[in-house]
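Enquirer: To start, I am sharing the structure in question, which I have written as structure tokens.
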Amino acid sequence: MNTPLQDMPSRRRPPALDVAVVGGGMVGAAAALTLARAGFATALLEARAPAPWDAQAEVDLRVVGLAPSSVMLLDELGVWTSIRAARAGPYTHMHVWDAASGAAIDFDAASEGRDRLGYIVENSLVQWTLWQALPAAGVHVLCPAEVKAFEAREDRIQLELAGGETLAASLLVAADGAASPLRALAGIGTRGRDYAQRAVVAHVVTERPHADTAWQRFLPGGPLALLPLADGRSSIVWSLPEAEAQRVLALGERAFLDELGVASDFRLGRILSSTPRAAFPLKLQLAERYQAERFVLLGDAAHAVHPLAGQGVNLGLRDVAELRDTLLDARAAGRDIGAAHVLRRYARRRRSADTLDALGFDALARIYAWQAPPLVAARAVGVRLLDHLAPLKRRLSEHAAGL
Ligand SMILES: Cc1cc2nc3c(=O)[nH]c(=O)nc-3n(C[C@H](O)[C@H](O)[C@H](O)COP(=O)(O)OP(=O)(O)OC[C@H]3O[C@@H](n4cnc5c(N)ncnc54)[C@H](O)[C@@H]3O)c2cc1C
């Protein structure tokens, strides 16, 4: 699976590719597996092979909240059972509250007729499990492989790799992350804003159990989430202004645990211990277009959103499902899967859905940044009202679930 491209005998090179997916993160790997399972001759090109996931190793600091739509896709791909069995923390409740006013909103799976709202899972576990399934699905994995240039021709797109090798496919799918070199090569710009915030992440042991609940407290500097891990600990995602994040990262262990306890309002009691901390910069970034000639963007290459709604990878996996449906319909109608009019459906549908969600999360971040007392009071009224409007709350929750 990890055969360097230059070592591959040329006869093993993919002969006539339908799709070349670049980027083997969660989204790219899911796209390659989905498209191969749908019968498209698919290659996956990734610059760095993922490290094997190890059940004995510390839980990866990069965790994601998987919505039911994502679980459904992973289940269709036949990988969910192993992910679930390996290490996945289900959550059945979500409690979100405002530090300034105390106004809170609750989401509960049972009252919505569902078993759970989602799962907290390590990024590396999902990625590794997907990679394990690629060879059997017939995906040609080229790793390490880096795309240096590409050129669309009438009937194909020609890729040039770092070692000078070339590859041709009907369609190039860029899932190469938020910094997407391929997006830049395609001449697609981005819009958005830098939140000038960092998310400090760590796994912590709390005095009281997390009760299968995702907790989120909105503080003046940004939201603090405590996400339930399968092993009983909670994973924190603490969004802070840049300088504050640096200060929190530099705190000694005791001071950090104490500050975190105060920031979480001791909702789970005192914070007893923590793993080492890490931090990620936060930004809103939307590609101006999702499509170029024989080329589409998906995952973080297309959109990066604030983690407050825990939706980043879920949007990416919805891109994957839409792309699969678009290409299947094109094939059934005997159309060229790389044709501009075929790709337009994917690009239009996903860009508008992702934009609405990204701007919604951004609006939430802005509304919770209000600190003037009349605005805090207005926000509290809105939140309390929403908490009592069961049908609206249910619609919000179903939207987040991708149902
Ligand atoms: C603090 C934080 C918390 C988050 N919490 C959540 C959450 O709760 N729920 C959620 O859904 N999402 C969450 N996210 C977002 C989520 O992690 C991302 O949306 C997701 O990992 C993006 O996956 P991806 O496959 O699109 O990109 P990536 O994971 O960035 O993968 C891109 C891949 O492309 C490869 N690559 C890059 N350039 C090239 C090249 N030229 N050639 C070949 N390969 C290349 C890279 O090596 C990499 O493997 C969070 C993010 C942060 C920062």
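Enquirer: Can you tell which of Leu268, Leu260, Leu226, Leu249 is within 16 Å of the ligand (Cβ to nearest atom), over 26 Å from Thr355 (Cβ atoms), in contact with a Ser or Thr (Cβ under 7 Å, 6 or more places away or on another chain) and in contact (Cβ under 8 Å) with a residue 40 or more places away in the chain?
Expert: Numbers: Leu268 fails: within 16 Å of the ligand (Cβ to nearest atom); Leu260 fails: in contact with a Ser or Thr (Cβ under 7 Å, 6 or more places away or on another chain); Leu249 fails: in contact with a Ser or Thr (Cβ under 7 Å, 6 or more places away or on another chain).
None of the other options fit; the residue is Leu226.
Enquirer: Looking at the structure I just gave you, is Phe150 more than 20 Å from the chain's Cα centre (by Cα), buried (at least 20 other Cβ atoms within 10 Å of the Cβ), assigned to a strand (DSSP E or B) and within 11 Å of the ligand (Cβ to nearest atom)?
Expert: yes
Enquirer: What is the residue count in segment 187-223 for residues that are more than 12 Å from the ligand (Cβ to nearest atom) and of a type outside the set (D, E, K, R)? Working first, answer last.
Expert: So in segment 187-223, the residues more than 12 Å from the ligand (Cβ to nearest atom) come out as 187-194, 196, 203-213, 215, 217-221.
Next, only the ones that are of a type outside the set (D, E, K, R) stay: 187-190, 192, 196, 203-206, 209-211, 213, 215, 218-221.
Residues meeting the conditions: 19.
Enquirer: Taking the conditions exactly as written (buried (at least 16 other Cβ atoms within 10 Å of the Cβ) and at negative phi), does Ala243 satisfy them or not?
Expert: Criteria not met by Ala243.
Enquirer: Which one of these is within 12 Å of the ligand (Cβ to nearest atom) and within 30 Å of Phe266 (Cα to Cα): Asp60, Asp108?
Expert: Asp60
Enquirer: Out of the residues in segment 66-88 that are modelled with pLDDT under 95 and either within 12 Å of the ligand (Cβ to nearest atom) or over 25 Å from Gly28 (Cα atoms) (or both), state the one that is surrounded by the fewest Cβ atoms within 10 Å (Cβ to Cβ).
Expert: Ser69
Enquirer: Please find, within segment 299-340, the residue that is farthest from the ligand (Cβ to nearest atom) out of those that are over 30 Å from Ile105 (Cα atoms), assigned to a loop (DSSP other than H, G, I, E, B) and out of contact with any helix residue (DSSP H, G or I) (no Cβ under 8 Å at 6 or more places or on another chain).
Expert: Start the filter on segment 299-340 by keeping residues that are over 30 Å from Ile105 (Cα atoms), which leaves 301-302, 320-340.
Pick out the ones that are also assigned to a loop (DSSP other than H, G, I, E, B) and you get 302, 333-339.
Narrowing the set further to residues that are out of contact with any helix residue (DSSP H, G or I) (no Cβ under 8 Å at 6 or more places or on another chain) leaves 333-334, 338.
Values: Ala333: 29, Gly334: 31, Gly338: 19 Å.
Within segment 299-340, the match that is farthest from the ligand (Cβ to nearest atom) is Gly334.
Enquirer: Checking Ala179 against (1) over 18 Å from the mean Cα position of the chain (by Cα); (2) loosely packed, with under 15 Cβ neighbours inside 10 Å; (3) not in a helix (DSSP H, G or I); (4) not acidic (Asp, Glu), which single condition isn't satisfied?
Expert: Ala179 satisfies every listed condition except (1).
The values are calculated or read from the model by the stated rules, or taken from the named source; none is laboratory data. In this text, all values refer to a predicted model and were calculated from it rather than measured experimentally. Backbone-built Cβ (ideal geometry, glycine too); neighbour counts: all protein chains shown.
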